[in-house]
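Visitor: Handing you this structure, nothing more for now.
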Amino acid sequence: QVQLVESGGGLVQPGGSLRLSCVLSGSIFSIYAMGWYRQAPGKQRELVAHISTGGSTNYATSVKGRFTISRDNAKNTVYLQMNSLKREDAPVYCCDANLGRVDSWGQGTQVTVSS
């Protein structure tokens with residue numbers, strides 16, 4: 001059974017940076033496409049960044065140039081480097097492991113952007 005555990009969230013000032021990590025266990029990490037999603041209270045979950053098994057990346061327009069997704073297959077980990085953070089970047093971030101039609105989700109990590 002796939003398990004995902006996120007970490008790295010916290011409180012940061014506007015303009016600051018955070019790096020989120022998501023570790024996958026229970027399966028072979030390299031066969032999964034990985035994504036970072038975020039969800040604010042009362043809003044739909046949105047895709048922030050995605051990385052394929054081959055390393056191709058896609059980003060939401062709102063984070064292009066500020067966020068970078070990467071993966072380390074040797075560590076079973078996907079990262080999200082977030083720079084120039086804005087208040088509107090500040091909901092819960094979850095990682096997703098996708099294999100075909102099956103998605104597995106972590107519990108999420110909270111990001112707060114405040115001065």
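Visitor: So between residue 101 and residue 60, what do we pick up on full extension, going 0.36 nm a residue minus the alpha carbon distance?
Guide: Details: separation 41, 0.36 × 41 = 14.76 nm, distance 2.14 nm.
Taking 0.36 nm per residue and subtracting the Cα distance, the gain is 12.6 nm.
Visitor: Which Cys in the chain stand alone, with every other cysteine's Cβ at 4.7 Å or more from theirs?
Guide: 94
Visitor: Once a ≥ b ≥ c are taken as the square roots of the eigenvalues of the Cα gyration tensor of the stretch 37-79, is the result rounded (a/c under 1.5), prolate (a/b larger than b/c) or oblate (a/b not larger than b/c)?
Guide: In terms of gyration-tensor shape, prolate.
Visitor: Starting at the first residue of the stretch 51-65, write each ³J(HN,Hα) from the Karplus equation 6.51 cos²θ - 1.76 cosθ + 1.60 with θ = phi - 60°, in whole Hz, x for Gly and Pro.
Guide: 9, 7, 5, x, x, 6, 10, 9, 9, 5, 4, 5, 10, 4, x
Visitor: Which of rounded, prolate, oblate describes the stretch 1-62, given a ≥ b ≥ c as roots of the alpha-carbon gyration tensor eigenvalues and a/c under 1.5 marking rounded, otherwise prolate only if a/b is larger than b/c?
Guide: Working: a/c = 1.72, a/b = 1.49, b/c = 1.16.
Here the stretch 1-62 falls in the prolate category.
Visitor: Against the 2.2 N^0.38 Å scaling, with N counting residues, where does the chain land? I'd like the Cα-based Rg ratio to two decimal places.
Guide: Against the compact-globule rule of thumb, the ratio is 1.00.
Visitor: Here is a follow-up. Heavy atoms only, probe 1.4 angstrom, no DNA, RNA or ligands counted: give me 102, 23 ranked by accessible area, highest first.
Guide: Solvent-accessible surface, decreasing: 102, 23.
Visitor: Hey, for a label at residue 46 modelled as a point 7 Å past Cα toward Cβ, could you say which residues of the stretch 63-79 have their backbone N under 18 Å away?
Guide: 63-69
Visitor: If you take the square roots of the eigenvalues of the alpha-carbon gyration tensor of the stretch 73-115 and sort them as a ≥ b ≥ c, do you get rounded (a/c under 1.5), prolate (a/b over b/c) or oblate? Don't jump to the answer; show the numbers that get you there.
Guide: Working: a/c = 2.91, a/b = 1.89, b/c = 1.54.
Judged from the Cα gyration tensor, the stretch 73-115 comes out prolate (a/c at least 1.5, a/b above b/c).
Visitor: First compute the accessible area of the stretch 60-115 with a 1.4 Å probe, then give the percent of it belonging to carbon and sulfur atoms.
Guide: Carbon and sulfur together cover 45 percent of it.
The values are calculated or read from the model by the stated rules, or taken from the named source; none is laboratory data. What you see is a predicted model, and the numbers here were worked out from it, not measured in a lab. Glycine also receives a Cβ, built like all others from the backbone with ideal geometry; neighbour counts cover every protein chain displayed. All accessible areas refer to the heavy atoms of the entire protein, side chains included, with ligands and DNA or RNA removed. Shrake-Rupley method; radii C 1.70, N 1.55, O 1.52, S 1.80 Å.
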